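Below you'll find the structure, written out as structure tokens, and then a few comments.
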Amino acid sequence: MAKARAEGESIREIAQQENVDPKTIQNDLKKSEKQRTKKQEEIPNYEHDSGQQRLKTNQKTEENGISGVDPSTPEKKSENTPIIGRDGKTYSATRKRKVSQPLFEDREVMDAIGKLMRLFDKRAGVFGKSAGHEACRKALNDVLIKFEQWRHA
């Protein structure tokens, strides 16, 4: 399965060959990647010794037949290796990243303050302008100024 993926087959194609759900293949590939990463972390370091590279390990040395590398680990292909989809078209192996949405839209606050101001004016149009109307407009204007200060802080 990992070999087929390394050769450029899509998860969907592998799932179809194995007669399983594509999510199963995804999960299995994640598990095998974790195991492969763990094995790579266990690979001992090399140290320079009398002009030769010797394997430094708690186990046997390379001379005794243990190299510390799993030969069955598939070689990773570059990210630019194309993948052929079910439709026969060639696709990039890496997905394009979506542009993320901002965490908060200040414009929504500005719109809400403006809407509230218009509602106060509409009410004043029905019941007449008074000191209360002017006090509300002034208070909203102060809120708007404070929000702008906070926004640019």
| task | Please specify each residue of the stretch 3-39 satisfying the condition of being farther than 21 Å from Gly88 by Cα and of a type in the set (Gly, Ala, Ser). | result | Ser32
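In this structure, does Glu63 turn out to be exposed (fewer than 10 other Cβ atoms within 10 Å of the Cβ), at pLDDT below 75 and not in a loop (DSSP other than H, G, I, E, B)? Show your work before the answer.
On the way: exposed (fewer than 10 other Cβ atoms within 10 Å of the Cβ): yes; at pLDDT below 75: yes; not in a loop (DSSP other than H, G, I, E, B): yes.
So Glu63 passes the test.
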| task | Within the stretch 82-108, track down each residue that is among the aliphatic types (A, V, I, L, M), within 17 Å of the chain's Cα centre (by Cα) and surrounded by 10 or more Cβ atoms within 10 Å (Cβ to Cβ). | result | Ala93
| What is the number of the single condition among (1) farther than 30 Å from Ile11 by Cα; (2) out of contact with any helix residue (DSSP H, G or I) (no Cβ under 9 Å at 6 or more places or on another chain) that Val109 does not meet? | (2)
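The values are calculated or read from the model by the stated rules, or taken from the named source; none is laboratory data. Just so we're clear, the structure is a prediction, and the values are computed from it rather than from any experiment. Cβ: placed from backbone, ideal geometry, glycine included. Neighbour counts: every protein chain shown.
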